[in-house]
1. Conditions: (1) within 26 Å of Tyr149 (Cβ to Cβ); (2) of a type in the set (D, E, K, R); (3) touching a helix residue (DSSP H, G or I) at 6+ places or on another chain (Cβ under 9 Å). Asp204 meets all but one. Number of the miss?
2. When the residues of the range 15-35 are narrowed to those that are touching a strand residue (DSSP E or B) at 6+ places or on another chain (Cβ under 8 Å) and under 21 Å from Leu101 (Cβ atoms), which ends up surrounded by the most Cβ atoms within 10 Å (Cβ to Cβ)?
3. Give the residues of the range 145-170 that are at pLDDT below 95 and of a type in the set (Asp, Glu), sorted by residue number.
4. Does Pro49 count as of a type outside the set (Gly, Ala, Ser) and without any contact (Cβ under 8 Å) to a residue 40 or more places away in the chain?
5. With the checklist (1) at pLDDT 95 or above; (2) touching an Asp or Glu at 6+ places or on another chain (Cβ under 8 Å) in hand, flag the one item Asp204 doesn't pass.
6. Given the conditions (1) touching a Leu at 6+ places or on another chain (Cβ under 9 Å); (2) farther than 23 Å from Leu105 by Cα, which single one is not true for Gly145?
7. Show the residue pairs meeting these rules: Cβ distance below 9 Å; 6+ apart or different chains; first residue within the range 114-132 and within 11 Å of Glu97 (Cα to Cα); second residue of a type in the set (Lys, Arg).
8. Filter the range 174-195 down to residues that are touching a His at 6+ places or on another chain (Cβ under 7 Å), assigned to a strand (DSSP E or B) and of a type outside the set (Gly, Ala, Ser) and give me whichever is surrounded by the most Cβ atoms within 10 Å (Cβ to Cβ).
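The values are calculated or read from the model by the stated rules, or taken from the named source; none is laboratory data. Nothing here was measured: the structure is a model prediction, and the numbers come from that model. Every residue, glycine as well, gets a Cβ built from its backbone with ideal geometry; the counts of neighbours run over all protein chains shown. For accessibility, only protein heavy atoms count, side chains too; no ligands or nucleic acids. Shrake-Rupley method; radii C 1.70, N 1.55, O 1.52, S 1.80 Å.
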Amino acid sequence: MTQRPVIGISTYLTTAAWGRFDRRPAVMLPERYPALVRAAGGLAVLLPPDAPEHAATAVARLDALVIAGGEDVDPALYGEQPHPRTEAVAPERDVWEAALLRAGLAAGVPVLGICRGMQLLNVVRGGSLVQHLPDRVHHEGHAGGEGSYGRHPVRPVAGTLLGGLLPEESVVVPTSHHQAVDRLGERLTVGALAEDGTVEAVEDTTGGCFVLGVQWHPEQGEDLRVMQALVRAAAAARPAAPAPAVAPAAVPVPVG
């Protein structure tokens, strides 16, 4: 049986309550992330925040890397003061996930950034973010409702990696964000746009490896194509398994 590619997914560091225990520090991830990886043919493993010097070791054991959604990225990472609506409350994730991204990009490991993950990919590549998108687009259509996801169309750019994966003129996607790409990072290309001009996907094909960020949440929908593409890239990038050793043929021993 062919082994499924190992897909590492970054996680939240937060507080939670379970069973008879009150709120305690916990490593968490919405279950739909690993469910999407499984449905696409991969084996999901979770990557809790750790010291950044361990990122390269972690990435070396993966076939692909997913940076999940979550809290706002600290604006200090792209040289700005926080907007009143910015909630940068995950410094451990910022440091760890930035190190994971740098290690993955350096090693040529396939990378997918989802929502916050796409934003952090842009920041790691020297870009910046719109800290409160409604200030620019004058509507709340990207945010979804309280505790729920919205939906809106995005337009994949023809000729890009994402345009090849989603060849339709327009695709409706699950969404929940109030920040977005502003200045595009180095070696990144826009792969999709919302109708209001918001960047909805970025990618880098200059190194010949799969590097993609999407602003929406594919794990909240039924479309497997983006994750399936990551899993295919992970499988293609894996070193070929060594051929099994062949035992030498038995030599008959003369009798008498």
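1. Failed condition: (1).
2. Tyr33
3. Answer for the range 145-170, where residues must be at pLDDT below 95 and of a type in the set (Asp, Glu): just Glu146.
4. Numbers: of a type outside the set (Gly, Ala, Ser): yes; without any contact (Cβ under 8 Å) to a residue 40 or more places away in the chain: no.
Here the answer is no, as Pro49 does not meet what is asked.
5. (2)
6. Tallying (1) touching a Leu at 6+ places or on another chain (Cβ under 9 Å); (2) farther than 23 Å from Leu105 by Cα, Gly145 fails exactly one: (1).
7. From residues that are within 11 Å of Glu97 (Cα to Cα), the pairs are Arg116/Arg93; Leu120/Arg93; Val124/Arg102.
8. The extreme case among them is Thr175.
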